[in-house]
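Bear in mind these aren't lab numbers, they're just calculated from the coordinates by the rules spelled out. These figures come from a predicted structure and were not determined experimentally. Don't worry about glycine lacking a Cβ; one is built from the backbone with ideal geometry, like all the others, and counts go over all protein chains shown.
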Amino acid sequence: MSNWQPNALESRRIEKMEALRAAGMDPFPLRAERTHTAQQAIHLLEKSEADLNDGDTLPDMKVTVTGRIVSFRDKGKIVFAHIEDESGRIQLFVRLNNLGQESYELFKKQLDLGDFVQATGLIFRTRMGEPSVNVTTWKILSKALSPLPVAKEQEVDGEVVRYSAFSDVEERYRQRYADLAVNREVRDVFRARAKMMTAIRQFFDSNDFLEVETPVLQPIYGGAAARPFSTHHNQLKQELFLRISFELYLKRLLVGGYERVYEIGRDFRNEGVSFKHNPEFTQLEFYAAYWDYYDVMDFTERMIAHTAETVTGSSTIVFGDHTINLAPPWTRMTLREAIKKYAEIDYVEYPDAAELATAIKKIGGQASPSASWGKLVDGLLGDYVEPNLIQPAFITEYPRDISPFAKKIPNDPAHVERFEFFIGGMEMGNAFTELNDPLDQEQRFLDLQTLYKADEDLNNPIDDDYLRAMRYGMPPNGGFGMGIDRLIMLLADKSTIREVLLYPHLREKIE
RNA sequence: GGGCCAUUAGCUCAGUGGUAGAGCAGGUGACUUUUAAUCACUUGGUCGGGGGUUCGAAUCCCUCAUGGCUCACCA
């Protein structure tokens, strides 16, 4: 049983639906016909006008268009209505003389904003010059029983100005279908997103990468420090986790002989929600044999610039108040330099966590007494450096104790070959010269257990199967991970991740 | 999880202790080239839920829910 009780507006629409039925018109017919999209119909008119010689008259151009009624102006014996399909809007010119009393009255009285209709007639221009369909026959394709929050709009200098738009963010996300139906620019965001995905795949494919798919349900989660969602398989009586990263499964494939692999898919992290965090998000990871993290940097710059050009037409983008130039080369700076520059602490002078914490407090910063040295350095990065990294920047050479999958820098026991890259003040991704020494890797896992001994969820169990794979020999390789949602935030100039997810996670609402 | 703010008609919003409002949408009517069409009349509300203070609460207090911003957390 549904909970729906029609309100006054909906009851009225149900009456209209019955009236259509009584007049012999099925309000939800099986089939529809269309000869032209709205855009094609308009182009047809424009082209034949352009081809016209002086003194000639336009030929008759009959079109059948379909779409949702988005405006309705009843002028007595003429109705002007716009319908919208995915290609755009076109005006219907509906006149009593051209339809006859019965059909005209039905159109005028029993249709509502939001209904889908099909209309046939000659395409022409009204006196005001707007391309329109002079409707001679029409039928309803779907009766909208609930009123959409359709807003009036006006085009001023090519810009759509909307009045009283459906803008309540909570309702827009809870009823994304209504948001998409009435806010055309929201539809554009997800078209841009699809275009971005295609551009990324093309770039990888043209660089000899193989796209693969690895398990979402994993008996041992790993590859990142995050709390997982857990579930279980009934029949196998097996505890399972939704993946928090693809890392360990992808690198096993290098052992298997693939040299360049990538995966685009969903990761799940049981953490807080924010303007740049959603519990499930789309991750891109790649691994390339015989690359180091400098190769990965070169590739990353080119990939992001190429993607931006494909999606927006330019490698220079506008994000909020900033204009960002994504064209290579990007700034490269070690983490030590960056922290020296923005926090004015040279952390190598404080090789002990307690000393570093004191130094951080001295500049007014936050330092948890339980934090490890690496965590403190990372804290400085997040608090002092990250907000300043508006133009794209690689920050390189990270503390070893927070980077369990990266290779050590020779003669520098504290640092590893790892970079993160930042754009628009956001961390976009993370990459390493990947550790391929199985004995070192085992030690790193053991060190992690000490680091996270207080937090069982972060202290994921050692993945023995992954170590076994490494012992068979893993080629040296460079690896990379990036939050795709954040990239489309940049390219579509959206300040929250929810605007680039069709169905962002929301708390359950009890109606 | 903490702090601050918000929640009023289908939509967008006014209303800060004294009879719940506007615009749009809806309804009725007028108008045969309109376009935020226009004009006249008009329907519509458990003011997010619950509790309290008060002669009287949309308004003040408490609480719960949801959302936003923010802080914390998220290698």
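Backbone phi angles across segment A:263-272, fed through the Karplus curve with coefficients 6.51, -1.76 and 1.60 (θ = phi - 60°), yield HN-Hα couplings of 9, 10, x, 8, 10, 10, 10, 8, 10, x Hz in residue order; Gly and Pro are listed as x. Summary: within chain A, the longest segment free of chymotrypsin sites (Phe, Trp or Tyr not before Pro) located in DSSP loops with at most 12 other C-beta atoms within 10 Å is A:5-289.
Computed over segment A:276-381, the convex hull of the alpha-carbon atoms projects to a mean area of 10.0 nm². Annotation for segment A:373-475: trypsin sites (Lys or Arg not before Pro) lying in DSSP loop with at most 11 further Cβ atoms inside 10 Å of their Cβ are A:Lys453.
Considering only Cα atoms, the convex hull volume of segment A:105-187 works out to 136 Å³ per residue. Over the C-alpha trace of segment A:150-209, radius of gyration and Dmax come out as 16.4, 50 angstrom.
Out of segment A:379-481, which GluC sites (Glu not before Pro) are coil in DSSP terms and have no more than 15 other C-beta atoms within 10 Å?
On the way: sites: A:Glu397, A:Glu417, A:Glu420, A:Glu427, A:Glu434, A:Glu442, A:Glu456; in loops: A:Glu456.
For GluC sites (Glu not before Pro) across segment A:379-481 that sit outside H, G, I, E and B with at most 15 neighbouring Cβ atoms in 10 Å, the list reads A:Glu456.
Taking θ as phi - 60° and the Karplus parameters 6.51, -1.76 and 1.60, the scalar couplings of segment A:335-351 work out to 4, 4, 4, 5, 5, 4, 5, 9, 10, 6, 10, 9, 5, 5, 6, 10, x Hz in sequence order, x denoting glycine and proline. Relative contact order, whole percent, for chain A stands at 11, derived from Cα pairs under 8 Å and 6 or more residues apart. When you restrict to C-alpha pairs under 8 Å that are six or more residues apart and normalise by the size of segment A:8-164, the relative contact order lands at 25 percent. Rounded to the nearest 10 degrees, the inclination of helix A:184-206 to the longest alpha-carbon principal axis of chain A is 50 degrees.
If the viscosity is 0.692 mPa s and the temperature 37 °C, what translational diffusion coefficient in µm²/s does Stokes-Einstein give for segment A:8-164 when Rh comes from Kirkwood over Cα pairs? Show your work: numbers first, answer last.
On the way: Rh = 16.4 Å.
The Stokes-Einstein estimate is 200 µm²/s.
Seen from all directions on average, segment A:238-310 presents a Cα convex hull projection of 7.1 nm². Of all DSSP beta bridges confined to segment A:8-164, the antiparallel ones make up roughly 90%. Sorted largest first, the principal axis extents computed over the alpha-carbon atoms of segment A:367-451 equal 39, 31, 21 Å. The C-alpha atoms of segment A:24-93 occupy a region whose extents along the principal axes are 45, 30, 24 Å, arranged from largest to smallest.
Normalised radius of gyration for chain A, please: alpha carbon Rg relative to 2.2 N^0.38 Å, two decimal places. Kindly include the intermediate steps, with their values, before the conclusion.
On the way: Rg = 29.6 Å, N = 511, 2.2 N^0.38 = 23.5 Å.
With N residues counted in chain A, Rg over 2.2 N^0.38 Å equals 1.26.
Determine the distance separating the Cα centre of segment A:403-480 from the Cα centre of segment A:223-283; give it in Å without decimals. For segment A:403-480 versus segment A:223-283, the Cα centre distance is 16 Å.
Taking GluC sites (Glu not before Pro) across segment A:189-264, the ones in a DSSP loop with at most 11 further Cβ atoms lying within 10 angstrom of their Cβ are A:Glu213. The Cα-based radius of gyration and maximum Cα-Cα distance (Dmax) for segment A:153-279 are 20.4, 64 Å. Divided by 2.2 N^0.38 Å, where N counts the residues, the Cα radius of gyration of segment A:371-511 comes to 1.24. By the helix-only formula, in which each DSSP H run with n ≥ 4 contributes -39500 (n - 2.57) and the sum is divided by residues, chain A has a 222 nm mean residue ellipticity of -10000 deg cm²/dmol.
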